[in-house]
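Everything below concerns the one structure shown next.
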Amino acid sequence: GQNIDQPTEMTATEGAIVQINCTYQTSGFNGLFWYQQHAGEAPTFLSYNVLDGLEEKGRFSSFLSRSKGYSYLLLKELQMKDSASYLCGASGGYNKLIFGAGTRLAVHP
Amino acid sequence: DTAVSQTPKYLVTQMGNDKSIKCEQNLGHDTMYWYKQDSKKFLKIMFSYNNKELIINETVPNRFSPKSPDKAHLNLHINSLELGDSAVYFCASSPIRDLYNEQFFGPGTRLTVL
């Protein structure tokens, strides 16, 4: 079957580092997406990992382990505006794409 | 300029009605999508069109019918609306047809079926 698991909610402090984990099961896995979605808004693209390892983009980094079916999104120097839901999505097979329910991150002062 | 736009933003209607949601993108992309995000926030792909050709058609009731008059537009028509159709519907576009690329999402249409 196809499944994506990620924590429902997380809290963190402004200026800190937070890691949002995602495990996935798909047939014919191609790559792993992370999107950010603020409440009441559209998802916006953060990253797409195809190869194992860590990819860094400014304060955000994304990691993938294909053998473990595991990814994480790392957010550094947290800001209040980072409070949002973070959606993990896996593309696999022929034009298959599934998303998790998202992790709601609350950043506190 | 809005990259991906949807109308209407909110839609409240009675069960059994037929309604349409329109989507337009001015990014010059070849591929457009419809997603449904339910109350539990799961984002599920419904359809994808590449240059007016249907390339993804997930298990969606045939009450839902997408129509793409040209590659910049992808509309969604829903017949005989049911309570379970209440959700936020997002349109998205990407430069090419595969799923390995960033997708640009519209602002969403919140559909409430009473």
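The values are calculated or read from the model by the stated rules, or taken from the named source; none is laboratory data. Because the structure is predicted, anything quoted here is derived from the model rather than measured. Quick reminder, even Gly has a Cβ in these numbers, built from the backbone with ideal geometry, and neighbours come from all protein chains shown. Keep in mind that these areas ignore ligands, DNA and RNA; they rest on the heavy atoms of the full protein, side chains included. Shrake-Rupley method; radii C 1.70, N 1.55, O 1.52, S 1.80 Å.
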Is one or more of the residues making up segment B:59-66 modelled with pLDDT of 95 or more, within 23 Å of A:Ser91 (Cα to Cα), surrounded by 19 or more Cβ atoms within 10 Å (Cβ to Cβ) and not hydrophobic (A, V, I, L, M, F, W, C)? no
Looking at segment A:72-90, is at least one residue modelled with pLDDT under 95 and of a type outside the set (D, E, K, R)? yes
Select from segment A:64-84 the residues that are touching a Ser or Thr at 6+ places or on another chain (Cβ under 6 Å) and on the phi < 0 side of the Ramachandran plot and write down the one among them that is nearest to the other protein chains (Cβ to nearest Cβ). A:Leu64
Scope segment B:74-85; condition closer than 27 Å to A:Cys88 by Cα and surrounded by fewer than 17 Cβ atoms within 10 Å (Cβ to Cβ); matching residues: B:Gly84
For segment B:37-59, give me each residue that is aliphatic (A, V, I, L, M) and within 9 Å of chain A (Cβ to nearest Cβ). B:Leu43, B:Ile45, B:Ile55, B:Ile56
How do the strands (runs of 3 or more DSSP E) wholly within segment B:1-100 filter down when requiring 2 or more residues that are of a type in the set (Phe, Trp, Tyr): which remain? B:31-37, B:43-50, B:87-94
Could you tell me whether segment B:22-34 includes any residue that is open to solvent by 40 Å² or more (accessible area, probe 1.4 Å), within 14 Å of chain A (Cβ to nearest Cβ) and within 9 Å of the chain's Cα centre (by Cα)? no
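Which of the strands (runs of 3 or more DSSP E) found entirely inside segment A:37-109 contain at least 3 residues meeting this: closer than 24 Å to B:Ser5 by Cα and open to solvent by less than 60 Å² (accessible area, probe 1.4 Å)?
Once the strands (runs of 3 or more DSSP E) in segment A:37-109 are filtered for at least 3 residues that are closer than 24 Å to B:Ser5 by Cα and open to solvent by less than 60 Å² (accessible area, probe 1.4 Å), what remains is A:44-49, A:84-92, A:96-99.
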Which one is nearest to B:Pro95 (Cα to Cα) among residues in segment A:33-46 that are small (Gly, Ala, Ser) and facing another protein chain (nearest Cβ under 9 Å)? A:Ala42
Filtered residue count, segment A:14-36, keeping only those that are β-branched (Val, Ile, Thr) and in a loop (DSSP other than H, G, I, E, B): 2
